[in-house]
Amino acid sequence: MFNKKNLLFSIIIFIFVISVAGKPAMSREILYGKVNINTADRHELVTLGGVDFAKADAVIKYRETIRKFETVEEFLNVPGINEDIFNINKDFICVKPGKK
């Protein structure tokens, strides 16, 4: 059965679980920061939801052959990027000029 030590340990664990329950997990932005679609390499781009290596390559090709992104909405101009992918990622991308 429970002795005082086990009971105290169980109470501490219970309080910890209650204190973290219901809190959202850390967001992608907190963990990684926003992805600058003007400078990100393909490995950074695939951290975005729904973006595989083919779509990441399309993003890079777009900014190198057509133009740098001026707004995050231009992300939709990339072949393979649809509204669902954009909506998943719009809060996690930016278009800062310059280096990473």
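Could you give the length gained by full extension between Phe53 and Asn3, i.e. 0.36 nm per residue of separation minus their alpha carbon distance, to one decimal place?
Length gained, Phe53 through Asn3: 12.4 nm.
Which shape class, rounded, prolate or oblate, goes with the range 28-94 when its Cα gyration tensor gives a ≥ b ≥ c as root eigenvalues, a/c under 1.5 marks rounded, and past that a/b bigger than b/c marks prolate? Could the numbers behind the result be given before it?
Working: a/c = 1.38, a/b = 1.32, b/c = 1.05.
The shape class here is rounded.
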key: Total charge dipole magnitude, the range 28-94, about the Cα centre, Cβ charges on Lys, Arg, Asp, Glu only, Debye to nearest 20   = 160
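Bear in mind that the values in this text are calculations on the coordinates, not laboratory data. Quick caveat: nothing in here was measured; it's all calculated off a predicted structure. Cβ sites come from the backbone with ideal geometry, for glycine too, and all protein chains shown count toward neighbours.
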